[in-house]
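Data block below; observations after.
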Amino acid sequence: MRPITTISSFTEIEAVLQDERTSYVRVAEALECLQEKGFYRTWGYDNLDQYLQDRWGYSKQYFKTISIAARVARDISGVTRSVPTVAQAAFMASLTKPQLLSLAKKIDFTKVTVLEIRQKVAGIRGVVAFKPRKQDDWLPGQRIALSLQQTIVCLRDAKHEQDIPSDTRQEIRLKMTELFELLKEELSCV
């Protein structure tokens, strides 16, 4: 079911997307309205994906993820006092609505990690939860995958490089150097 949105014009959509303080639920509503009404054509684009990438630096995956997370946040808004993060909400999206509401009633999203949400969802769905192993037991490539995942987390919320604080950019450079060294090490073992 589509949300009832108060966004009705291209100007309002642009204002929502420009305001960095806007919640992801509101951004998702703006993007969904943009898609429905085809306002991206105002800027001369034939498709939404290209408009989002060129104008805002948003990928198709970003749009999909925040839309899913916003749906979850809207579904649980009446039973919880805290709003889940995008990652928390995305992990809960696989639950049925009754399961989702039941879980949301029990959780203060400001006090749980994404891993804890992931484990709770896995328990509800009856699947084996992710359990990190000791680094000595890792298979080739797992250290690289973890380092890459950590780097992606640093970049995930930044729209443009100038939006990333300089200390975070330095951290990313160090992570990428570490990733390169791990890759060289992993390839020498093969």
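Nothing in this text is a laboratory measurement; each read-out follows from the coordinates by a stated rule. Just so we're clear, the structure is a prediction, and the values are computed from it rather than from any experiment. Using ideal geometry, Cβ is built from the backbone for each residue, glycine included, and neighbour counts are taken over all protein chains shown.
With neighbours defined as other Cβ atoms within 10 Å of a residue's Cβ, the residues V112, V86 order from fewest to most as V112, V86.
Summing Lys and Arg as +1 and Asp and Glu as -1 over all other residues whose Cβ lies under 13 Å from the Cβ of A15 gives a net charge of -3. Between T42 and E116, the simple label model (points 7 Å from Cα in the Cβ direction) yields a spacing of 4.2 nm.
By the count of other C-beta atoms within 10 Å, a proxy for reagent exposure, M92, M176 are ordered fewest to most as M176, M92. Exposure proxy shown here: for E36, E116, the number of other Cβ atoms within 10 Å sets the order, fewest to most, as E36, E116. Taking each of K105/K175; K106/K175; K37/K106; K37/K105; K37/K175; K64/K106 in turn, the alpha-carbon distance tops 32 angstrom for K105/K175; K106/K175; K37/K106; K37/K105; K37/K175.
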